[in-house]
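Asks: Supplied in structure tokens, the structure appears directly below.
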């Protein structure tokens, strides 16, 4: 008993000392901070390029070639929270993308590092804010910032820091915010293109939307409503639901479909795979005969093993702004080469890889301009040609979203034979509404 | 009554006998020992000087510590001092955040806002939750113990429903709304300003504001705890029937505890929203309530300083784990941990849970209890008892 | 509503309520023995779902055996958790012990996140989306198994607690630990045993939650929070109470879910999420210890 007590006391003292040491220690040691050292060594080829924060003359940690400088990209991802299926895959794609770029010699004498300033937000706004404050003085730009309210929360700081960032969400509001560079079409636009495509097959007269309210499901359904307005179809309403783990079951959504008069020809979904299978399977087994149109996050490979798979195969289609991982384009081929034959965890990997091309375009333009500072990045954005190597249509970035809307996307459908459970049936779907629609604000929420 | 007391302040203490009190007032003073006076002075000075000693990221963490500490003091008042364990704190924090956002926020096409200044919206952010707390407390007074914990948990779920649905006030789920700006006299306290010739960046200025508020609210809570009300709280906590027999009005005391606690929670919410800038309903979930309860249990039950230490522990622990965990060998390099056992980020979360367990297993009285033990050890030194 | 729809909704509510009741049973068994609400129960449940799929799909056991194996595995995991994290808390304040279970939840939940493959797992149950006709309504076959298996589980666990010698020792422990110890009951072992039984119920609940033709992910764990109003409503130490309360809440939810959007649209979307808590508050106003909970004897 005495032994035990003494041990406890020692532990207690040790803990207290450790706490004090950690709390008093200066976490921001300028001596080891690679981001704040301006380039001074005149012997490397980078000397005619101006740079300051987030770029160093010294090579990256684990650099392929020690003669290169280093560009640090910050990434704030959800790696352990409810959207870790998005964050981990997106981040893995980023790592693989830049590893390939570095392997091929880097950009303009620099290699790119996405590991040092990777932070986990666990899909929590507080952790997102603290994560950003840790890396804000050390990175050139944000390679990915996951979460809509999360990214909006750090927006003022980003403006103060002259920082640009790539959002790892497809909320339509990003197209109206200066420091955030959306790489692909919004969820809102996904629905417009998807409905155009469905309308060419069916015709679509009655549209219903089911989704989580907010930046994702709300945007998806708002797009469906916009489409119905433009195409003269009948919008039957937005049935708001929640994750099954929160609301218990999707019976309310299924009931809304079955009890609707007239019944919808198509139901646009903005939910997660779990709810997709439950809604599609449940509605079909109770006699519903319409179709379901799902946004990118409504699908996951394991759905092929569920009892709902026959129903999904029959009536579900999937839209993706970037072609599926097995598409035949140079960009996809480069991604598959990096993967070495195994499929990625999900299609967010493909999105993450595609976002690499956008960042590469920004960095290369800035280097070509001789100004690799944060302001230098902002200066090259307007009119920047973004070439996704075929993964998505090339665009000329600009302040007005209506001049560079993504009007074609891939339409896919389930197949148990495909490794991620989807095969593309139309790699470049578009339609009259997609080509004529314009936006003057976000489909949902405010900027 | 000793004759010394007649000689006024100078001679109220015997030299070299700091804990010998010769009158009730000295015993009950806020800072009743020289050690307390000196250590508090030192801590306050260090806290004020901190922004010039540490990086901006730590200033933000310290701001969060101050803000969460105000909420934790509120939690401790109802759960630690008055013994009414509430899991509803997140609801009142959220209510405070949205009250502040409504009175202080900017009106847009989809949300309402009055754009009042901070000296108006901050008190309102406390008063509105206090009033709601006052209204719901009579329901909570009927049940005790863990029944009460789950009953108050219901508040969080009902509150989330309101936050999700009252969209002209809250912006709705997944989107949220802008927080109120901390403007006093036309000056935004979260933006760079020059005050008395000192250039302060927004993070530092807002940290100093929160620190000042924390000191004020901590003193107020400490004062409350040593008053008649505080003694009533303690009596209700220790044995409520006995308290009732002694003439402590049970319902009134419990309702008062909930009301004051909700006020603190609301202030915390209003201040927190400024840090987060975007207020989204999902923030105010069960997890936030559990965090506040963890702060109280880990810091120390029924101590104001324990609440602050607990808040510091919960806010800073993830950062310390993050800074230390790369030295642990054998971690997976992939973000999802698929090429090893776990990734560093997964390990961070596991360690967060494990450290909470470890602290409570080793020292159920919390970090404050560790301090008491260290203090007693040195007081009795060289004797071990 | 036409009669068939009423029967259909009723059965749907009974099925879901049965699962809530089973989840609540896990809380009750541990609360009875240790006076602690086990907040790690959601993580145990989702690990139960994982083990069921793992035994069935990876090991290749028939589904029935896989379920049994998962139940046993979860009993072991729970007993181990108790031994490591909770046993040192014996004699400490119950809220500190409850907070330890919160820490345990964080740790186990990340383990679950790590175990589940990207996109989740699908339960290889033999029922899928099959439906059958019952009393004029078309109901999912899986729902009938939920109702049946939970009733069976409550019978088995209830009989064990009421009739066996070990069950008697467990009840003695929950009444007074010191007296039980004096009577030769190994109190520590009883704590471990109650965690093991709670883990077993969580294992079965994990399988039942996974039915319905969709997938299970680590986040599915949070559905176990639905059991919290159930345990308050039924009484935290009453197996009979939580069974009835679970069914009641399941039925109330099911009818709200179907009817609230049309009848009372002004209460907002997904009002069914708050209905269990509203029922809980109303009942506590009348009966502070739920339907069947034991009122605390108050002494000065």
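Asks: Going by how many other Cβ atoms sit within 10 Å of their own, how do A:285, B:325 line up, fewest first?
Replies: Numbers: A:285 19, B:325 16.
Arranged by neighbour count, lowest to highest, A:285, B:325 become B:325, A:285.
Asks: Run the numbers on region C:182-252 and let me know its relative contact order in percent, using alpha-carbon pairs under 8 Å that are six or more apart. If you can, show how the numbers build up before the last one.
Replies: Values: 22 pairs, mean separation 10.6, N = 71.
So the answer I get is 15 percent.
Asks: OK, next. Could you check how many percent of all C-alpha pairs in region B:144-225 are farther apart than 21 Å? Could the numbers behind the result be given before it?
Replies: Details: 2036 of 3321 pairs.
That fraction is 61 percent.
Asks: If each residue's Cβ is checked for other Cβ atoms within 10 Å, how do A:130, C:118, A:329 rank with the fewest at the top? Display every interim value, and only then the final one.
Replies: Values: A:130 25, C:118 21, A:329 16.
Ascending Cβ contact count within 10 Å gives the list A:329, C:118, A:130.
Asks: Which of these, C:227, C:40, C:182, has the largest mean-square fluctuation under a Gaussian network model of chain C (Cα springs below 10 Å)?
Replies: Sorting by GNM fluctuation, first place goes to C:182.
Asks: Tell me, what is the FRET efficiency for residue B:239 and residue C:35 to the nearest 0.05, using R0 = 22 angstrom and their Cβ-Cβ distance as r? Mind dumping the intermediate values first?
Replies: On the way: r = 18 Å, r/R0 = 0.80.
Between residue B:239 and residue C:35 the formula returns 0.80.
Asks: Report relative contact order for chain C in percent, whole number only (criteria: Cα-Cα under 8 Å, sequence separation at least 6). Kindly include the intermediate steps, with their values, before the conclusion.
Replies: Numbers: 497 pairs, mean separation 103.2, N = 300.
Dividing the mean separation by the residue count of chain C yields 34 percent.
Asks: While we're here: Pull out a ≥ b ≥ c, the square roots of the eigenvalues of the alpha-carbon gyration tensor of chain B, then state rounded if a/c is under 1.5, prolate if not and a/b is larger than b/c, and oblate in the remaining case.
Replies: Since a/c stays below 1.5, the shape of chain B is classed as rounded.
Asks: Return the calculated 222 nm mean residue ellipticity for chain A, to the nearest 500 deg cm²/dmol, obtained by summing -39500 (n - 2.57) across DSSP H runs with n ≥ 4 and dividing by the residue count. Could the numbers behind the result be given before it?
Replies: Details: 15 runs with 175 residues, N = 447.
When only DSSP H runs of four or more count, the value is -12000 deg cm²/dmol.
Asks: Order by neighbour count: C:163, B:283, fewest other Cβ atoms within 10 Å first, most last.
Replies: Details: C:163 10, B:283 24.
Neighbour counts put them in this order, fewest first: C:163, B:283.
Asks: Enumerate the residues in region B:106-134 having an amide nitrogen under 19 Å from the point lying 7 Å beyond the Cα of residue B:223 toward its Cβ.
Replies: B:123-124, B:126-127
Asks: Can you compute the helix-only [θ] at 222 nm over chain B? Use -39500 (n - 2.57) per DSSP H run of at least 4 residues, normalise by all residues, nearest 500 deg cm²/dmol.
Replies: Numbers: 15 runs with 241 residues, N = 385.
Taken over chain B, the calculation gives -21000 deg cm²/dmol.
Asks: Here is a follow-up. Taking R0 as 41 Å, what FRET efficiency do you get between residue C:189 and residue B:323 from their Cβ-Cβ distance, rounded to the nearest 0.05? Numbers along the way, then the final one.
Replies: Numbers: r = 42 Å, r/R0 = 1.01.
Taking R0 as 41 Å, the efficiency between residue C:189 and residue B:323 is 0.50.
Asks: May I pose another question? Along each of the three principal axes of the Cα atoms of region A:181-248, give the extent in whole Å, ordering the values from largest to smallest.
Replies: 36, 33, 18
Asks: Angle check, please: helix A:347-368 long axis (alpha carbons) against the longest principal axis of chain A (alpha carbons), in degrees 0 to 90, nearest 10.
Replies: 50 degrees
Asks: Compute the long axis of helix B:304-324 from its Cα atoms, compare it with the longest principal axis of the Cα atoms of chain B, and write down the angle in degrees, 0 to 90, nearest 10.
Replies: Around 50 degrees separate the two axes.
Asks: Based on C-alpha coordinates, I'd like the Rg and Dmax of region B:14-128, in Å.
Replies: Computed over the Cα atoms of region B:14-128, radius of gyration and Dmax are 20.2, 68 Å.
Asks: Between residue B:383 and residue B:252, what is the FRET efficiency for a Förster distance of 41 Å, r being their Cβ-Cβ separation, to the nearest 0.05? Write down the numbers at each step before the final one.
Replies: Details: r = 47 Å, r/R0 = 1.14.
Working from the Cβ atoms, E equals 0.30.
Asks: If I take every Cα pair under 8 Å that is 6 or more residues apart in region A:225-321, average their sequence separation and divide by the length, what percent do I get for the relative contact order? Please report the intermediate quantities before stating the final value.
Replies: On the way: 113 pairs, mean separation 23.5, N = 97.
It rounds to 24 percent for region A:225-321.
Asks: Can you give the helix-only mean residue ellipticity at 222 nm for chain C, where every DSSP H stretch with n ≥ 4 adds -39500 (n - 2.57) and the sum goes over all residues, rounded to the nearest 500 deg cm²/dmol?
Replies: Value at 222 nm, helices only, nearest 500: -22000 deg cm²/dmol.
Asks: Let me make sure I get this right: for region B:243-346, a, b and c are the square roots of the gyration tensor eigenvalues over alpha carbons, sorted descending. Under 1.5 in a/c it's rounded, otherwise prolate if a/b > b/c, else oblate. Which is it?
Replies: Prolate.
Asks: Same structure, new question: Suppose we keep just the alpha-carbon trace of chain A; what are its Rg and Dmax in angstrom?
Replies: Spelled out, the Cα radius of gyration and Dmax of chain A are 23.9, 83 Å.
Asks: Taking springs between alpha-carbon atoms closer than 10 angstrom, which of B:23, B:285, B:240 fluctuates most in the Gaussian network model of chain B?
Replies: B:23
Asks: Please label the shape of the protein assembly as shown as rounded, prolate or oblate, based on the square roots a ≥ b ≥ c of the eigenvalues of the alpha-carbon gyration tensor (a/c under 1.5 means rounded; beyond that, a/b larger than b/c means prolate, else oblate).
Replies: Working: a/c = 1.66, a/b = 1.15, b/c = 1.44.
Oblate, because a/c is 1.5 or more while a/b does not exceed b/c.
Asks: Return one number: the angle in degrees, 0 to 90 and rounded to the nearest 10, between the long axis of the Cα atoms of helix A:84-103 and the longest principal axis of the Cα atoms of chain A.
Replies: Result, in degrees: 60.
Asks: Under a 10 Å cutoff between Cα atoms, tell me which one of A:199, A:412, A:75 has the largest fluctuation in the Gaussian network model of chain A.
Replies: A:199
Taken together, the values in this text are just the output of simple stated rules run on the coordinates, not laboratory data. Keep in mind that this is a model prediction, so the values were computed, not measured. Because the Cβ atoms are built from the backbone with ideal geometry, glycine has one as well, and the counts that use them run over all protein chains shown.
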